[in-house]
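J.: Below is a structure I'd like to ask you about.
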Amino acid sequence: MKEVINLPVKNIEEEEYHINMGPQHPSTHGVLRLVVSLQGEIVKNLKPHCGYIHRGIEKMCEKNTYPQIIHLTDRLDYLSAHINNHAVCLLVEKALEIEVPERIKYIRTIIDELNRIASHQLWWCSFGMDLGGLTCFFYGLRDREHILDIFEESFGSRLLHSYYTPGGLIQDVHPNFQKRVKDFIKYFRKKIKDYDDILTGNIIMQERTKGIGLLTKEDAISYGVTGPSGRGSGFSCDVRKHHPYSMYSNVEFNEILFHEGDTFARYMVRMHEMRESMKIIEQLIDNIPAGDYTAKMKAVLKLPVGEYFQRVEAARGEFGVYVVSDGNKTPYRMKFRSPNFSNLSALDHISREGKIADLVAIGGSLDYVIPDIDR
Amino acid sequence: MDNTTLKEKVLSLVPGAEFLENKQYITFIIPVEKMHDLARNLKNEPEFNFDYLFCLSGVDMVKYLEIVYHLESTTHRHELVLKVRTADRENPAVDTVCDIWKTADFHEREVYDLLGIKFNHHPDMRRIFLDDDWKGHPLRKDYIDEVNIVEL
Amino acid sequence: MKETDFKDNSTLELFKKSGGNILLSSVDALIDWGRSNSIWPLTFATACCGIEMMATGASRHDFSRFGIEVYRASPRQADVIVVAGTIVNKMAPVLKRLYDQMSEPKYVIAMGACAVSGGPFYYNSYHVVRGVDHVIPVDVYVPGCPPRPEALLYGIMQLQRKIKLETIANPRKSPNT
């Protein structure tokens with residue numbers, strides 16, 4: 001006769017299990033490992049594991065001179081490469097008390113804003129793709145190619161140009177630059193309406209993003225979430241308004257703030273920011289003064305002893321450079337305040353009690369670039 | 001709040017603080033044991049309201065290890081820099097501020113990983129970028145790596 | 001074929017046409033034609049070169065016309081892994097595991113200066129692997145920082161030519177560890 005063994009029956013739905021959204025994953029936007037504790041489909045806990053693209057850039061900067069560091073800061077947040085370079089250039093110019101010609105400031109501001117539009121176009125195309133709308137991928141990259149054409153004509157390469165240098169630019173812009181930028185603005189103003197038609201008004205997208213991933217304003221400030229992600233929660237953190245640099249104090253633009261704090265608010269902030277960037281470019285493109293493309297600089301740059309900090313508004317948040325100098329031609333310590341690092345620290349908090357499918361939408365709306373996290 | 005009032009108020013809160021001249025922001029060196037209470041005061045007092053910690057870095061000055069906190073207030077828009085120094089290179093330990101500013105969580109893990117400074121009462125004190133079994137702390141000035149790092 | 005005889009790609013294809021016996025060579029031609037014109041890569045992008053790989057797949061430089069129809073997320077279903085970006089010490093075991101999980105026949109394209117030799121991070125970095133061929137065997141190297149989409153397309157065409165040289169009499173074996 002068989003014996004019946006009574007085993008305690010565990011309720012499987014109540015157990016938590018861990019899944020690994022590993023370093024190689026189509027929607028983690030790079031090499032980020034997320035260990036997610038789930039109960040059914042609800043996310044209970046999330047631990048990001050970084051370091052899979054940690055290249056030791058801060059240590060490398062201690063052995064490189066300041067113009068060489070520009071090539072390394074390019075590769076930090078490669079989608080707003082010019083803005084990162086701008087921070088280092090402004091820091092060196094402030095420390096050496098060099099006044100750059102007006103032409104440089106105009107050109108740098110225009111190129112920064114073009115870079116911001118290009119970065120937001122790439123964000124839009126990957127956000128749409130993550131939600132399942134593959135058309136967005138092709139539309140966004142098609143329009144981004146126009147900006148890359150402008151860059152290629154003036155600077156020589158499509159991505160990672162290292163165009164700014166302490167004191168100015170490495171070479172002057174192409175004579176066609178002004179005309180091509182104006183043509184692009186005319187073209188893109190029409191196309192951005194298509195973006196709204198495809199994705200913003202789409203009922204599936206709105207259901208998947210409204211009310212998802214709430215981040216309150218106090219949490220945004222406490223976690224240091226800046227940029228469009230912070231402004232979607234009502235945190236007024238635009239460095240271009242509060243600590244203006246280059247030509248930002250002379251142009252009129254709005255700081256876009258939404259107060260709902262959900263994924264849809266972060267999405268709308270970026271869509272409006274693209275339009276604001278075009279407004280800034282239009283105000284500057286016709287008035288570029290003539291002049292030199294670089295100020296007179298010494299061959300070897302040695303910063304005076306002391307500490308310096310420079311903040312700029314990158315496409316993803318506030319980018320800061322902190323330099324401790326001991327008088328040599330290489331910095332003693334160079335620290336990058338990376339916006340994506342702080343944005344990622346809020347991911348655990350805002351994705352709790354949401355579904356795992358929402359995690360992909362939240363990650364897309366925070367828009368992190370992993371090499372900037374890991375440096 | 002303008003710079004002179006800020007300077008006087010901080011000095012009145014922590015008499016042992018040392019003010020550094022000629023810096024970009026108002027900079028103080030705070031004794032290690034007073035840092036946490038001062039940080040809590042700076043965040044909670046309405047006249048200061050330093051609620052935004054925008055940079056937490058560690059620096060290895062060979063004689064001592066230094067942690068630099070860059071603070072800003074989102075309402076009053078004044079900025080402050082606090083430095084904490086510890087001469088102990090074997091087992092440096094400082095109180096954490098991640099219960100006051102949540103962004104300090106990841107930043108302190110990074111400082112521990114690259115410079116070796118431990119933070120007391122941190123909820124999750126382990127390495128963030130390098131493998132858990134990595135030997136040494138790379139950003140220290142006495143970090144030796146014959147294979148990879150070229151001495152100028 | 002000796003490396004000194006590799007003058008250009010048309011030499012390669014001529015060599016292929018003139019060598020081998022009749023029966024096997026038509027079977028070879030069929031299999032190689034099928035394999036080379038439908039290489040499906042794995043979604044693997046570490047750093048900046050990943051953006052140029054995405055741009056190569058977008059509508060201006062479309063690599064779908066070369067046979068790369070879709071990206072596969074799972075390594076079991078992928079034919080080629082395009083290592084786009086820097087590989088660091090922490091990522092190297094993950095890359096090796098992905099390569100081991102891919103099923104035969106599998107190919108590797110090292111895209112970008114970082115994957116070829118460590119790139120701009122060659123000096124003074126304590127955490128970068130100087131070249132992905134320290135970890136997995138590479139078939140095609142595409143230099144550039146980042147390489148233009150046209151350069152990546154040329155690299156894919158070179159891989160297609162390399163595949164066309166294979167024969168089932170002597171099948172390609174990936175090294176097993």
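The values are calculated or read from the model by the stated rules, or taken from the named source; none is laboratory data. Just so it is clear, the model here is predicted, and its values are computed rather than measured. Heads up, the Cβs are rebuilt from the backbone with ideal geometry, glycines too, and the neighbour counts pull from every protein chain shown. Just the protein is used for accessible areas: all its heavy atoms, side chains included, with ligands, DNA and RNA removed. Shrake-Rupley method; radii C 1.70, N 1.55, O 1.52, S 1.80 Å.
J.: If you take the charge dipole of the protein assembly as shown about its Cα centre, with +1 on Lys and Arg Cβ and -1 on Asp and Glu Cβ, which of B:71, C:91, A:160 is farthest toward its positive end?
T.: A:160
J.: Then there's this: Under a 1.4 Å probe, what is the accessible area of chain A per residue, stated in Å²? Show your work: numbers first, answer last.
T.: Values: 13570 Å² over 375 residues.
Roughly 36 Å² per residue, with all protein chains present.
J.: Counting only DSSP beta bridges with both residues in the protein assembly as shown, what percent are antiparallel, rounded to the nearest 5?
T.: 75
J.: Can you grab the distance from the C-alpha centre of region C:57-101 to the C-alpha centre of region A:122-179, Å, no decimals?
T.: 24
J.: Then there's this: For the interface of A with C, what's the total buried accessible surface in square angstrom, probe 1.4 angstrom, rounded to the nearest hundred? Don't skip to the end; give the middle numbers.
T.: On the way: alone 16830 and 10370 Å², together 24120 Å².
Using a 1.4 Å probe, the pair buries roughly 3100 Å².
J.: How many Å² of accessible area per residue for region B:105-152, probe 1.4 Å? Walk me through the numbers on the way to the answer.
T.: Values: 2480 Å² over 48 residues.
For region B:105-152, the solvent-accessible area averages 52 Å² per residue.
J.: Still on this structure, please answer the following. If one takes the longest principal axis of the Cα atoms in chain A, at what angle in degrees, from 0 to 90 and to the nearest 10, does the Cα axis of helix A:81-95 lie?
T.: 50
J.: Show me, for region A:295-300, the HN-Hα J-couplings you get by feeding each phi into the Karplus relation (A = 6.51, B = -1.76, C = 1.60, θ = phi - 60°), rounded to Hz, glycine and proline as x.
T.: 7, 6, 10, 6, 6, 10
J.: Still on this model: When the Karplus curve 6.51 cos²θ - 1.76 cosθ + 1.60 is applied with θ = phi - 60°, which whole-Hz ³J(HN,Hα) does each residue of region A:175-191 get, with x for Gly and Pro?
T.: x, 7, 4, 4, 5, 5, 5, 5, 5, 5, 4, 4, 5, 6, 4, 6, 6
J.: Hey, can you find the accessible area per residue of region B:3-92 for me, probe 1.4 Å, expressed in square angstrom? Kindly include the intermediate steps, with their values, before the conclusion.
T.: Values: 3920 Å² over 90 residues.
For region B:3-92, the solvent-accessible area averages 44 Å² per residue.
J.: Tell me, what is the percent relative contact order of region A:58-374, built from C-alpha pairs under 8 Å that lie six or more residues apart?
T.: Details: 545 pairs, mean separation 84.1, N = 317.
Relative contact order here is 27 percent.
J.: Pop a pseudo-label 7 angstrom from the Cα along the beta-carbon direction at both residue C:154 and residue A:300 and give the gap in nm to one decimal.
T.: 3.9
J.: Follow-up. Over region B:4-152, with every protein chain in place, what whole percent of the accessible area is carbon and sulfur at 1.4 Å, could you tell me? Could you put the intermediate results ahead of the total?
T.: Details: 3220 of 6620 Å².
On region B:4-152, the fraction of accessible area on carbon and sulfur atoms equals 49 percent.
J.: Buried accessible area for the A:B pair, summed, 1.4 Å probe, in Å² rounded to 100?
T.: Values: alone 16830 and 9000 Å², together 22240 Å².
Between A and B, the summed buried area is about 3600 Å².
J.: A further question follows. Distance check, please: which entries in A:94/A:241; A:302/B:141; A:186/A:217; A:182/A:210; A:335/B:83 exceed 24 angstrom between their Cα atoms? Please report the intermediate quantities before stating the final value.
T.: Values: A:94/A:241 19 Å; A:302/B:141 20 Å; A:186/A:217 36 Å; A:182/A:210 35 Å; A:335/B:83 15 Å.
Violating the 24 Å limit, Cα to Cα: A:186/A:217; A:182/A:210.
J.: Could you name the lysines whose alpha carbon sits less than 30 Å from that of residue C:96, not counting residues in the same chain fewer than 8 places away?
T.: A:47, A:59, B:135, C:2, C:106, C:162, C:164, C:173
J.: Here's something else I'd like to know. Short version: ³J(HN,Hα) in whole Hz for each residue of region A:230-246, in order, from phi by Karplus 6.51 cos²θ - 1.76 cosθ + 1.60 (θ = phi - 60°), x for Gly and Pro, what are they?
T.: Going residue by residue, I get x, 5, x, 9, x, 8, 7, 10, 6, 5, 5, 8, 8, 10, x, 9, 6 Hz, with x marking Gly and Pro.
J.: Sticking with the crude label model, points 7 Å out along Cα→Cβ, report the distance from residue A:71 to residue C:60 in nm, one decimal please.
T.: Between residue A:71 and residue C:60, the simple spin-label model gives 2.5 nm.
J.: Which cross-chain or sequence-distant (5 or more) residues have an amide H under 5 Å from the amide H of residue B:117, H modelled 1.01 Å from N in plane?
T.: B:112
J.: Do any residues of region A:289-329 show a loss of at least 50 square angstrom of accessible area between the isolated chain and the full protein assembly, using a 1.4 Å probe, and if so which?
T.: A:307, A:309, A:311, A:322
J.: Please identify the GluC sites (Glu not before Pro) of region B:1-52 that satisfy two criteria: DSSP loop assignment and at most 15 other Cβ atoms within 10 Å. Which are they? Let's see the in-between values first.
T.: Values: sites: B:8, B:18, B:21, B:33, B:47; in loops: B:21, B:47.
Passing both the DSSP loop test and the Cβ count: B:21, B:47.
J.: Right, something else. Using a 1.4 Å probe on the protein heavy atoms, what percent of the accessible area of chain A belongs to carbon and sulfur? Walk me through the intermediate numbers first.
T.: Values: 6930 of 13570 Å².
The computed percentage sits at 51.
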